[in-house]
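Student: First the structure, then my questions, so here it is.
The values are calculated or read from the model by the stated rules, or taken from the named source; none is laboratory data. The shown structure was predicted, so the numbers you read here are calculated from the model rather than taken from an experiment. Cβ coordinates were reconstructed from backbone atoms using ideal geometry, including for glycine residues, and neighbour counts include every protein chain displayed. Each accessible area value is taken on the protein alone, full model and side chains, heavy atoms only, with ligands, DNA and RNA left out. Shrake-Rupley method; radii C 1.70, N 1.55, O 1.52, S 1.80 Å.
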Amino acid sequence: VPIQQQIEALDWLRSQSHNILPRCYFSGRDPFIDYSNSNGNGRTSSDDNDNRQHKLISVAGLGSAVYFRGINPFSLDDWRSIRRFFSEKCPLIRAYGAIRFDARSNIAAEWKGFGSFYFMIPQIEFNEFEGSSMIAATVAWDNGLSRTYEQAIAELETTIRQISSVVWRLNDKAPRAVVLRQTHVPDKVSWDSAVKRALDLINRKNSMLVKVVLARRSQMLTVEIDPLEWLTCLQAEGYNAYQFCLQPPESPAFIGNTPERLFYRNRLSICSEALAGTRARGGSKSLDLQIGQDLLSSPKDDHEFSVVREIIRRKLESVCCHRVIEPNKALRKLPRIQHLYAQLRGKLQKEDDEFKILSSLHPTPAVCGYPTEEARILISETEMFDRGMYAGPVGWFGGAESEFAVGIRSALVGKGVGALLYAGTGIVEGSNSAKEWQELELKTSQFTKLMKFEAPLLPMRNRIEL
């Protein structure tokens, strides 16, 4: 059902009952491709093409027409099971979800609802375009789902009855969460020890380990937090970044604001990125330029970045017909942080190669290290918490397209856990544990800025009747 006005998908999602689960939200770093808003499956016609095109900005979903969850590592069979619901003729039917960073590790209680992977095709979906919106319902059934058409319709009607037709537009100044207690795993002493151990292994004679990414989990015990209010605030820092929310039933919400693309597929064309090295933004134009130049000329950061870029290049070459790197090294500037960056492109030989690209690119050296297996083993032996979906692929599969980001700059938010903030940093030769700890603080600052003392509640601006 097309709506002839632009309504933010996140506003629509925030206006719905928090009891309707699962729910999801995904906003591309760049707007998605052009679609006319002729009907719910995104098809176009010659008449539609005479009218203006509409770029899909973000998507919010409630309920699941079908969902996919498993406790074993995400496999080619799992990918094919999801893909059978898609068609290039219906580009807006997509499965949104995430995959664990390390499917071989034990799943902690806070991540149980996600399993090893979790994907959902929403029952009710709100699509935000440039200049207009769309609300759609999707029904899925087949013998493999053990769900008849009648059962699927009945479940859809139950969800529809809970959908609110009133959308509240709220500002992006969420009430500050009151922090009752804060704990880091590892704490500063253990962090210093872990970095020293990693450097000892990297510098050891005949060692294969070049880089390892160590992470920290910060638990903030707070009064109840609305993850969608936090996500609204993250949008203010969302320039050149993806925003996402994924919440299975009876589970906390996994939210994030990540700048890093794992890959984007348009039919057989693939685009990926190398992202590494971190500096804060400067308070003035001249200081920001100076900090950026320091990052570009830093041998330590160049080494870390080169490892990431080279490994992604090799992985693309192993699957793609050809590849292109452009540029060799540049700066990607975000509101709080700047990184070293390069873009890599390739072309798949056949459609099934999408699974090969996903399984080959994840985990990237930017979130794990190199060589991958040596780094993964050190992470599993060193980190005393479950990364869950943090640093794993998060995004969507579709018919003609798919897009996945890397689930960094992320948090798990909900009852029982408060807020679990995740951040990591690459350890290479020349790393300093104190500076790496400061980098962790910088990367979590977009969340910690929302955790102060009590503030006034969100004011209502106006409402829209759908």
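Student: Indicate the gyration tensor shape class of the chain (rounded, prolate or oblate), computed on the Cα atoms with a ≥ b ≥ c the square roots of the eigenvalues: a/c under 1.5 is rounded; otherwise a/b larger than b/c is prolate and the rest oblate.
Tutor: On the way: a/c = 1.56, a/b = 1.35, b/c = 1.16.
In terms of gyration-tensor shape, prolate.
Student: Further question on the same structure: Among the aspartates and glutamates, which have Cα under 19 Å from the Cα of Lys300 when same-chain residues fewer than 8 positions away are ignored?
Tutor: Asp192, Asp200, Glu310, Glu429, Glu436, Glu439
Student: Another question about this same structure. Quick query: amide H of Ser15 versus all other amide H atoms, modeled in the peptide plane; which residues come in under 5 Å with a sequence gap of 5 or more or a different chain?
Tutor: Trp168
Student: Using θ = phi - 60° and the Karplus relation 6.51 cos²θ - 1.76 cosθ + 1.60, list the HN-Hα couplings for segment 147-156 in order, rounded to whole Hz, with x at every Gly or Pro.
Tutor: Here the 3J(HN,Hα) series is 9, 7, 4, 4, 5, 4, 5, 4, 5, 5 Hz.
Student: Could you report the chain's accessible area per residue, 1.4 Å probe, as an integer in Å²? Present the calculation step by step, with values, prior to reporting the outcome.
Tutor: Values: 19650 Å² over 466 residues.
Averaged over the residues of the chain, the accessible area is 42 Å².
Student: Further, regarding this structure: For the full complex of protein chains and a 1.4 angstrom probe, list Lys415, Lys443, Lys435 by accessible area with the highest value first. The partial results should precede the final answer.
Tutor: Values: Lys415 165, Lys443 20, Lys435 140 Å².
Sorted by accessible area, descending: Lys415, Lys435, Lys443.
Student: State which entries of Lys350/Lys443; Lys333/Lys415; Lys89/Lys356; Lys89/Lys350; Lys285/Lys329 exceed 26 angstrom in Cα-Cα distance in the structure shown. Walk me through the intermediate numbers first.
Tutor: On the way: Lys350/Lys443 38 Å; Lys333/Lys415 34 Å; Lys89/Lys356 24 Å; Lys89/Lys350 19 Å; Lys285/Lys329 21 Å.
Pairs exceeding 26 Å: Lys350/Lys443; Lys333/Lys415.
Student: Is segment 177-319 best put as rounded, prolate or oblate by its Cα gyration tensor, with a ≥ b ≥ c the root eigenvalues, rounded for a/c under 1.5, and otherwise prolate when a/b is larger than b/c, oblate when not?
Tutor: On the way: a/c = 1.45, a/b = 1.22, b/c = 1.19.
Verdict is rounded for segment 177-319.
Student: Which angle between 0 and 90 degrees, to the nearest 10, do you get for helix 285-297 versus the longest principal axis of the chain when only C-alpha atoms count?
Tutor: 60 degrees
Student: Let me ask something else. Rounding to the nearest 10 and keeping the result within 0 to 90°, find how far the Cα-based axis of helix 299-319 lies from the longest principal axis of the chain.
Tutor: 50 degrees
Student: Still on this structure, please answer the following. Which cross-chain or sequence-distant (5 or more) residues have an amide H under 5 Å from the amide H of Glu273, H modelled 1.01 Å from N in plane?
Tutor: Leu344
Student: Same structure again: Given H placed 1.01 Å from N in the peptide plane, which residues other than close sequence neighbours of Ser58 have an amide H under 5 Å from its amide H?
Tutor: Glu128
Student: Follow-up. Suppose every K and R has +1 on its Cβ and every D and E has -1 on its Cβ; what is the size of the dipole of segment 170-270 about the Cα centre, in Debye to the nearest 20?
Tutor: Details: 14 positive and 10 negative charges, 144 e Å.
It comes to approximately 700 debye.
Student: Could you look at the chain and say what percent of its accessible area is carbon and sulfur, using a 1.4 Å probe and all protein chains?
Tutor: On the way: 9680 of 19650 Å².
That share works out to 49 percent.
Student: Below 22 Å Cα-Cα, how many Lys pairs turn up in segment 148-213? Only count pairs eight or more apart in sequence, or on different chains, if you could. Walk me through the numbers on the way to the answer.
Tutor: Values: Lys188/Lys196; Lys188/Lys211; Lys196/Lys205; Lys196/Lys211.
Lysine pairs meeting both conditions in segment 148-213 amount to 4.
Student: If one takes the longest principal axis of the Cα atoms in the chain, at what angle in degrees, from 0 to 90 and to the nearest 10, does the Cα axis of helix 433-448 lie?
Tutor: Computed tilt is about 20 degrees.
Student: Which ³J(HN,Hα) values in Hz, rounded to whole numbers, follow from the phi angles of segment 244-254 under the Karplus curve 6.51 cos²θ - 1.76 cosθ + 1.60, where θ = phi - 60° and Gly and Pro get x?
Tutor: For segment 244-254, the Karplus curve yields 8, 8, 9, 9, x, x, 6, 8, x, 9, 9 Hz.
Student: Provide the per-residue ³J(HN,Hα) series for segment 199-211, in order, calculated from phi with Karplus coefficients 6.51, -1.76, 1.60 and θ = phi - 60°, each as a whole number of Hz, with x at glycine and proline positions.
Tutor: Per-residue couplings from phi come out as 5, 4, 5, 5, 8, 5, 4, 6, 6, 7, 5, 9, 8 Hz.
Student: Further, regarding this structure: What's the ranking of 19-27, 156-164, 108-116 by average number of surrounding C-beta atoms within 10 Å, highest first? Please report the intermediate quantities before stating the final value.
Tutor: Values: 19-27: 21.7, 156-164: 13.6, 108-116: 18.1.
Result, highest mean first: 19-27, 108-116, 156-164.
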